[in-house]
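Below: one structure, written as C-alpha cells.
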Amino acid sequence: MDKLLKLLNDNARLTDAQMAVMLNASEEEIAAAIAKLEKDGIVRGYKPLIDWDKTGEELVTAIIELNIAPSKDEGFDGIAGIIMSFDEVEGLSLMSGGHDLMVTVNGRSFKDVAMFVAKRLSPLPGVLGTATHFVLKKYKERGVLFTDEEKDERGGL
Amino acid sequence: MNYEKLMNGTLADLKPSGIRKFFDIAAEMEDVISLSVGEPDFSTPWHIRQEGIHTLEKGRTWYSPNAGFLALREAISGYVSRHSGVTYDPKSEVLVTVGGSEAIDLCLRALITPGDEVLIPEPAFVCYDPLTRMAGGVPVPLVTKAEDAFRLRADVVAAAITPKTKLLVLPYPNNPTGAIMPREELEALAEVLRGTDIMVLSDEIYGELTYGREHVSFAAIEGMQERTILVSGFSKAFAMTGWRLGYACGPAPMMKMLIKLHQFALMCAPTTAQYAAIEAMNNGDEDVEKMRGEYDMRRRYIVDELNKMGLTCFEPEGAFYVFPSIQSTGMTSEEFCERLLKEKHVAVVPGNAFGDSGEGFIRISYCYSIKHITEAIRRMREFLEENGLCK
C-alpha cells in the first residue's frame, strides 16, 4: 500500500473515507491498513508542520554536528541513547561524512541552545567536538514550502 | 474607418468563447477558488525543461525544418507506435505543429472546400466549430448524451452523413465531458465509415490520460489509418501547455498539404520547445504515469463528492474534467456558475460553453491540489445547502 503511505505523507488529515474513495478501496480496508502500518512501526506518528515564526512564539532551532569516539561495546548507539532522551532534542541521526551525529535542537533563545550544547552535550563521555549551526530562515520542510504560496497564474482553457 | 464593415463577416459573427467570460469575472475577485482551467497544475518535468535550457545556452535558436526536427519526428513516430501500435514514417507522415490546436486548424483548412460538412460531436472543445466556419465548412453537431456516457454512437453518425460530409471530428478522451471511446464503439464507428470517403480528425490530445483502461487510437482500428489524421501534443500529458507544441500524423499525401500550409503560416514550431519535446518523447513515460496517478485520485474523490451532494455525474474515464448535471437545481448552467461565483467565489465553467447540448451541466477541472479541491467542494456544498438544493 505505498499509495496510501504517499497520501498520508502528503496530508495525514484526510479521513479514512476520503482516502478510500481516492484509492478505490473500502473504508474498512484503509483503517486496517493504517492500523497495520502503525503496529509494524512504519508509521511512527502524525504531526502538523508549524511555521513558528508566524505564531510570535520565540523558538530557535539549531543543527549540531557531533564528533564522537564510539564505545567498544555499543558503538554510537550508547551515546545516541542518552542524547535522544533529552527533551530539547528534536531529531538525531547518525551521519556519513565529516561528523558522526547530527542533533536538531529547539530552544527559546540562541543562548538557551548554546548553553544546552555546552552543559549537556559537550561533557558527555565520548564527545570529541561540536559545531552548532543556527537556523535563520526556513524555506521548506518535509516537502512543504514555508514561503507564501505562489499565485496561480494559469489561464488556459 | 468603419472596422465592422472591413472585417471578415464569418469571423465577426463567431461567438466568443464562453469560457473566457467567467475567467474575466473571477480575475476581479479576491480569494476565488477556481476549478476552471484546462491545463495541468504540474510544472513541466525538470529533465524536459533542462533540455530546453541547455539548447538555449548553446545558442540553438534558429528555425527548424518546416515539418520539425527529424529527430523529433522520429521520436514521435516511436512514441505513437509504442503506445498506440500504429506506425508512421517520420519523413513523410509526421508534422510538428504549434500546439494540437494548429494541427486541428491545418487539418480543417486543408480538407474543407466551402460547403463541405464537418461532423462535430457535442459537447466538445470550443475550437472545432469556429475553425470549420472560418474554412468555409458547415459544422454539423452530433449530440452526445449523459445516458450514453457521452460517447459518440455509430447510429448518430450514420444518420448525419450526407453526400457533402467531408470530415468527422473525433475528440476523445473528451474535453469537457471526460468521456472516452472504448474499442467496441470505435469498431462500430469504423463500420459506418468503411466504404465512404469521409476523413477523420482524431484529436487525441488527452490520449495518455485515461483511468482504468487504455486509450485506443482510432488509427489503430483496422483499415482506419488511411482515413485518419491523428492529432496530439505535449500540453496535457507532459504538462507543457506554454511550450505550444503538438503534432499531426497521417497519410503522406494529406500531410504534404498540411506541411505546405504550415510552412506559409508558421514556418516551423518553436525550436526550443522541439528540443525539449524530444526528451519528453524518449524519457517522459514515467512522469506521465506519476501525474496520471495523481489525477486519478482527485478524479475519484471529486466524482464521489459531487454525487453525494446531488450533482450527479457519470464516471469520466479520461482527460481531467468531470461534467456533472446541475439540472436538479432548476438553474441554467450560466445562472448556476454565476451565482456560485458571486455567492461562494468558486469558478467553474458552464456546460453550454461547449455547445447547446452542454446546457444543464458544468465543467469542473481537477488540475488542482487535493487541498484546493476539498475547499472548493466545501463551498459548493454550502452553496447548495443555503439555496435549499442539497440532497
Taking into account only those residues within segment B:295-328 that are out of contact with any Pro (no Cβ under 7 Å at 6 or more places or on another chain), in a loop (DSSP other than H, G, I, E, B) and aromatic (Phe, Trp, Tyr), which is farthest from the other protein chains (Cβ to nearest Cβ)?
-> B:Phe314
Members of segment A:86-96 that are charged (D, E, K, R) and in a loop (DSSP other than H, G, I, E, B) | A:Asp87, A:Glu88
Would you be able to say whether some residue in segment A:150-157 is within 14 Å of chain B (Cβ to nearest Cβ), basic (Lys, Arg) and under 30 Å from A:Ala12 (Cβ atoms)?
-> yes
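Are any of the residues in segment B:366-373 more than 11 Å from chain A (Cβ to nearest Cβ), surrounded by fewer than 20 Cβ atoms within 10 Å (Cβ to Cβ) and among the charged types (D, E, K, R)?
no
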Output the qualifying pairs, or none if there are none: Cβ atoms under 7 angstrom, residues six or more apart or on different chains, first residue in segment A:7-22 and more than 9 Å from every other protein chain (Cβ to nearest Cβ), second residue basic (Lys, Arg).
-> none
Determine whether B:Leu11 is crowded, with 22+ Cβ neighbours inside 10 Å, more than 14 Å from chain A (Cβ to nearest Cβ) and either in a helix (DSSP H, G or I) or not small (Gly, Ala, Ser) (or both).
-> no
State yes or no: is B:Leu142 surrounded by fewer than 24 Cβ atoms within 10 Å (Cβ to Cβ), of a type in the set (A, V, I, L, M) and closer than 20 Å to B:Tyr247 by Cα?
-> no
How many residues does segment A:97-128 hold that are in a strand (DSSP E or B) and touching an Asp or Glu at 6+ places or on another chain (Cβ under 7 Å)?
-> 5
Scanning segment A:9-66 residue by residue, the ones that are hydrophobic (A, V, I, L, M, F, W, C) and within 26 Å of B:Tyr295 (Cα to Cα) total 17
Conditions: (1) part of a helix (DSSP H, G or I); (2) in the same structural domain as A:Met102 (by TED's automatic domain parsing); (3) modelled with pLDDT under 95. A:Gly56 meets all but one. Number of the miss?
-> (1)
Across segment B:75-107, what is the total count of residues that are crowded, with 17+ Cβ neighbours inside 10 Å and not in a loop (DSSP other than H, G, I, E, B)?
-> 20
Sort out which residues of segment B:135-163 are farther than 18 Å from B:Ile198 by Cβ and assigned to a helix (DSSP H, G or I), and write them in order of number.
-> B:Ala146, B:Glu147, B:Asp148
Scan (1) over 26 Å from A:Leu14 (Cα atoms); (2) not assigned by TED's automatic domain parsing to the domain that holds B:Ser36 for the single condition B:Cys390 breaks and write down its number.
-> (1)
Quick one: which of A:Leu5, A:Leu66, A:Leu14 is buried (at least 16 other Cβ atoms within 10 Å of the Cβ), out of contact with any helix residue (DSSP H, G or I) (no Cβ under 6 Å at 6 or more places or on another chain) and over 30 Å from A:Lys119 (Cβ atoms)?
-> A:Leu14
Counted residues, segment B:22-46 - those being without any contact (Cβ under 8 Å) to a residue 12 or more places away in the chain, within 14 Å of chain A (Cβ to nearest Cβ) and not in a loop (DSSP other than H, G, I, E, B) = 2
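For every residue, the table says whether it meets (1) more than 15 Å from B:Ala26 (Cβ to Cβ); (2) modelled with pLDDT under 95; (3) in the same structural domain as B:Ile120 (by TED's automatic domain parsing).
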site	(1), (2), (3)
B:Glu338	no, yes, no
B:Val348	no, yes, no
B:Asn352	yes, yes, no
B:Ile362	no, no, no
B:Ser365	no, no, no
B:Ser369	yes, yes, no
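Okay, residues lined up against (1) of a type outside the set (S, T, N, Q); (2) free of Cβ contacts under 8 Å to residues at least 60 places away in the same chain; (3) surrounded by fewer than 18 Cβ atoms within 10 Å (Cβ to Cβ); (4) more than 14 Å from chain A (Cβ to nearest Cβ):
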| residue | (1), (2), (3), (4) |
| --- | --- |
| B:Ile112 | yes, yes, no, yes |
| B:Asp116 | yes, yes, yes, yes |
| B:Glu122 | yes, no, no, yes |
| B:Met134 | yes, no, yes, yes |
| B:Ala146 | yes, no, no, yes |
| B:Ala149 | yes, no, no, yes |
| B:Val156 | yes, yes, no, yes |
| B:Ala159 | yes, yes, yes, yes |
| B:Thr162 | no, yes, yes, yes |
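The values are calculated or read from the model by the stated rules, or taken from the named source; none is laboratory data. This structure is a prediction, so every number in the text was calculated from the model and none was measured. All Cβ positions, even for glycine, are placed from backbone atoms using ideal geometry, and neighbour counts span all protein chains on display.
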